[in-house]
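Below you'll find the structure, written out as structure tokens, and then a few comments.
The values are calculated or read from the model by the stated rules, or taken from the named source; none is laboratory data. Predicted, not measured: the structure shown is a model, and the values here were computed from it. Note: ideal-geometry Cβ built from the backbone for every residue, glycine included; neighbour counts use all protein chains shown. Only protein heavy atoms, including side chains, enter the accessible area calculation; ligands, DNA and RNA are left aside. Shrake-Rupley method; radii C 1.70, N 1.55, O 1.52, S 1.80 Å.
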Amino acid sequence: QVQFVESGGGLAQSGGSLTLSCVVSGSLSSIASMGWYRQAPEKDRKLVALISGDNIARYGDAVKGRFTISRDNAKTTVNLQMNSLRPEDTAVYYCYYSTPRYHSWGQGTQVTVSS
């Protein structure tokens, strides 16, 4: 099992910035992918950003050029720098951890962007 501690969500104004952080512990793997998904009310959960075990990052189309994902060398912390926030970025953001054998989700952190 993987345990998550997510932080950094909250309220921001349109055009502003927030940084999300997720620390994982437990049954970890050096080849795990880590990242963030988000889910707005009555919408499907969608990819925000993901960084692979070999540090290749990919982003959802809606956030390309505005959000940046990073991970520490120990591969226990993943951060999401969110710039130029828009009201449509409002959602619950979920930390995600994935290995070839299993994947897990954090409990989610709310991000609200006001216009």
Exercise. Working out 0.36 nm times the residue gap between Leu47 and Ser27, then minus their Cα-Cα distance, what length gain in nm do you get to one decimal?
Worked result: 4.9 nm
For this session: Would you list the P(r) distribution for the range 1-51, with all Cα-Cα distances sorted into 5 Å bins from 0 and each bin expressed as a whole %?
Result: 5, 14, 20, 25, 22, 8, 5, 2
Exercise. Can you work out D for the range 30-110 in µm² s⁻¹ from Stokes-Einstein, where Rh is the Kirkwood radius over C-alpha pairs, the temperature is 20 °C and the viscosity is 1.002 mPa s?
Worked result: 166
Problem set entry | Reach of Lys46 by Cα under 19 Å, taken over aspartates and glutamates that are not fewer than 8 positions away in the same chain | Glu6, Asp61, Glu88, Asp89
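Using a 10 Å cut-off on Cβ atoms, rank the peptides 20-27, 9-16 from the highest mean neighbour count down.
20-27, 9-16
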Seminar exercise, completed: Descending accessible area (1.4 Å probe), largest on the left, turns Tyr97, Tyr102 into Tyr102, Tyr97
For this session: Starting from the Cα of Ser70, move 7 Å in the Cα-to-Cβ direction to define the label point; list residues of the range 27-41 whose amide nitrogen is under 20 Å from there.
Result: 33-37
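Considering only the other residues whose Cβ falls under 12 Å of the Cβ of Leu47, what net charge follows from Lys and Arg at +1 and Asp and Glu at -1?
Net local charge, Leu47 excluded: +3.
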For this session: Calculate, for the range 22-81, the solvent-accessible area per residue in square angstrom, rolling a 1.4 angstrom probe over the heavy atoms of the protein chains.
Result: 54
Seminar exercise, completed: Put Asp89, Asp54, Asp72 in order of accessible area, largest first, probe 1.4 Å, and you get Asp54, Asp72, Asp89
Seminar exercise, completed: In order over the range 19-25: 3J(HN,Hα) from phi, Karplus 6.51/-1.76/1.60, θ = phi - 60°, whole Hz, x for each Gly or Pro, gives 10, 9, 10, 9, 10, 10, 8
